[in-house]
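For reference, the structure is listed below as C-alpha cells.
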Amino acid sequence: MGIRDIIEGKKQWRAHVARVKALPPDYQIVYKEMQKYFFKVGPVELTEGNLLSGIVDFFEQGVASGKGVLELIGNDVAAFCDDLIKDSRTYADLYQESISRECGAVEK
C-alpha cells in the first residue's frame, strides 16, 4: 500500500463521516452504536467491504422516505447488526478456530 492509497483511503473515510454527520440526530446515534458493535464483534469484511457505507446508503433512503430510524431497523439494534453479518466470518471466529487448532495439536 503506497502513500497515494493511504491518502485516498483517508479521503474516502472523511467523505463517509461527512455523510453520517448529514443524517438526522437519531440516525447518527444509531449509526454510531452500530459502528461500535461491529468494531467489537469484528466482521472480517468490515475493513474490506462496503458494510458501513451500505448502512449509510440505507439510512439516507430512510430519511428521504420520511421514516424514523427505528422504523427501518426495529428496536433491537444488536439483532439488526447480527442479521447483517450472520453469514460473515468474524475475528472472534478466526480466533476460536486458531485455539481449536492449537488444542487439537496439543492433544495429539
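The values are calculated or read from the model by the stated rules, or taken from the named source; none is laboratory data. This structure is a prediction, so every number in the text was calculated from the model and none was measured. Neighbour counts run over all protein chains shown; Cβ positions are idealised from the backbone, glycine included. Remember, those area values only see protein heavy atoms, side chains included, never the ligands or the DNA or RNA. Shrake-Rupley method; radii C 1.70, N 1.55, O 1.52, S 1.80 Å.
Details
- In the range 3-50, the residues that are closer than 30 Å to Asn75 by Cβ, modelled with pLDDT under 95, of a type in the set (Val, Ile, Thr) and open to solvent by 90 Å² or more (accessible area, probe 1.4 Å): Thr47
- Test: residue in the range 77-85 that is in contact with a Pro (Cβ under 6 Å, 6 or more places away or on another chain), surrounded by 11 or more Cβ atoms within 10 Å (Cβ to Cβ) and not basic (Lys, Arg): yes
- Residue check for Gln61: within 19 Å of Gln35 (Cβ to Cβ) and assigned to a helix (DSSP H, G or I): yes
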